[in-house]
Amino acid sequence: MVSASALMEQELLSSKDSVLHNIDSRVKLIVLILTILFAVTTTNYTILLIVEIYLLLLVVIAKIPLKQAIIKVLVILPFGVFIALFQPFIQPGDVLYSLPFGINVTLQGLQFAQLLLSRLVISITAIVLFSFITPMKSIAEAFRRLHMPNEFAMIFSLFVRFIFLFYDEFESIRQAQSSRCFSLSNKTPYTWKLKQVGYLFLMMFIRSYEQGESVYNSMASRGYSASSTIYYSNEKLSLNSIIYLVFPIILFAILTILNYLHMI
C-alpha cells in the first residue's frame with residue numbers, strides 16, 4: 001500500500017519539467033551504468049566522495065527535494081549494509097578481535113566493508129536520481145532504442161502499464177473490505193485477519209490472471225506476435241543530452257588520472 005502510493009508519487013516527480021528530466025532516456029541510462037561501473041572499480045574514498053557530491057548536485061539541479069532523495073537512499077541502503085556486516089568476519093587478514101567459536105574480525109574485512117558501503121551509497125544514489133528524472137515508460141523506450149532484447153523491453157513496457165492498474169484494483173478491493181468493517185487495527189481474531197489478507201491476495205491473483213488473458217487476446221486480435229516491436233520516436237540527441245553524457249565521462253577520466261598520479 002505505502003510502496004504503491006510512493007511509486008505513483010515518484011512517477012509524478014519523474015514527469016516534471018527540468019533540464020535533467022528533458023534529457024534523452026538513453027543517455028540517462030548509459031550515464032547510470034557508467035557511474036555504477038566507475039564506483040565499483042575505484043578504491044579511493046576521495047573520488048567516491050566527489051562522485052557522491054556530483055550526484056547530489058544533479059538532484060538539486062533536477063529540482064528534486066534533496067531530503068526526499070536522501071531518505072530514499074537510506075531506505076534502500078540497509079539491504080547493502082546487511083551484506084557489508086559479514087565482511088569483517090569472512091575476509092582473511094590481520095586479526096583485530098577474536099570471538100567465540102573461532103570467529104575473527106580482521107582489519108582487511110573492516111576496510112572492505114567500509115569500501116563496499118561507500119560504493120553502495122554511490123550506486124544507490126545514482127539509481128535514485130535516475131528513477132526521479134526518468135518515467136518508467138521512458139525506461140522501457142530506452143531499453144528498446146539501445147537494442148536490448150525485444151522480449152525484455154516488451155515485458156517491461158507491459159509491467160509499467162499494469163502496475164498502476166493493479167494498484168487501482170488493489171485499492172478497490174481494500175475499499176470493499178473496509179466497507180464491511182475489515183481493519184487490521186480492530187480487535188478481531190488474528191487468524192480471521194490473516195484469512196482476509198489471504199483473500200485479498202487471492203483476489204488480486206485472480207484479477208491479474210483474468211486481466212492478462214484479456215490483454216493477450218486483445219493484443220493477438222490486433223496482430224501481435226513474437227516479432228512485434230515497440231514503437232518509439234526517432235529523436236536526435238539534444239545539446240543538453242550530449243553535455244549530460246560527456247561531462248561525467250570527462251570527470252571520471254580526470255579523477256582516474258589524478259588517482260594514478262597520486263594527487264588525490
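What number, rounded to the nearest 500 deg cm²/dmol, is the helix-based mean residue ellipticity at 222 nm of the chain, given -39500 (n - 2.57) per DSSP H run of at least four residues and division by all its residues?
Details: 10 runs with 190 residues, N = 264.
Result for the chain, helices only: -24500 deg cm²/dmol.
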* Most to least packed among 143-151, 198-206 [average Cβ atoms within 10 Å] -> 143-151, 198-206
* To do: Would you work out which of Ser178, Phe162, Ile206 lies farthest towards the positive end of the dipole of the chain, given +1 charges on the beta-carbon of Lys and Arg and -1 on that of Asp and Glu, about the Cα centre?
  => Ser178
* Karplus couplings for the range 17-31 from phi (6.51 cos²θ - 1.76 cosθ + 1.60, θ = phi - 60°), rounded to Hz, Gly and Pro as x? -> 10, 8, 4, 7, 5, 8, 6, 4, 5, 5, 5, 5, 5, 5, 5
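Considering only Cα-Cα distances, which of the following residue pairs are longer than 32 Å: Lys63/Lys193; Lys137/Lys193; Lys63/Lys236; Lys137/Lys195; Lys63/Lys137?
Values: Lys63/Lys193 42 Å; Lys137/Lys193 37 Å; Lys63/Lys236 25 Å; Lys137/Lys195 36 Å; Lys63/Lys137 21 Å.
Over 32 Å apart, Cα to Cα: Lys63/Lys193; Lys137/Lys193; Lys137/Lys195.
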* Amide H neighbours of Asn104 under 5 Å, at least 5 residues apart or on other chains, H built in the peptide plane: list them. => Leu99
* Asked: Taking one equal scatterer on every alpha-carbon of the range 1-150, how large is log10 of I(q)/I(0) by Debye at q = 0.10 1/Å?
  -> -0.45
* Asked: What is the P(r) of the chain, as percent of Cα-Cα pairs per 5 Å bin from 0?
  -> 1, 5, 9, 11, 12, 13, 12, 11, 10, 8, 5, 2, 1, 0, 0
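Just so you know, all these numbers are worked out from the coordinates, no wet-lab data involved. Every value quoted in this text rests on a predicted model; they were computed, and no experiment measured them. Here Cβ is always computed from backbone atoms with ideal geometry, including for glycine, and neighbour counts include all displayed protein chains.
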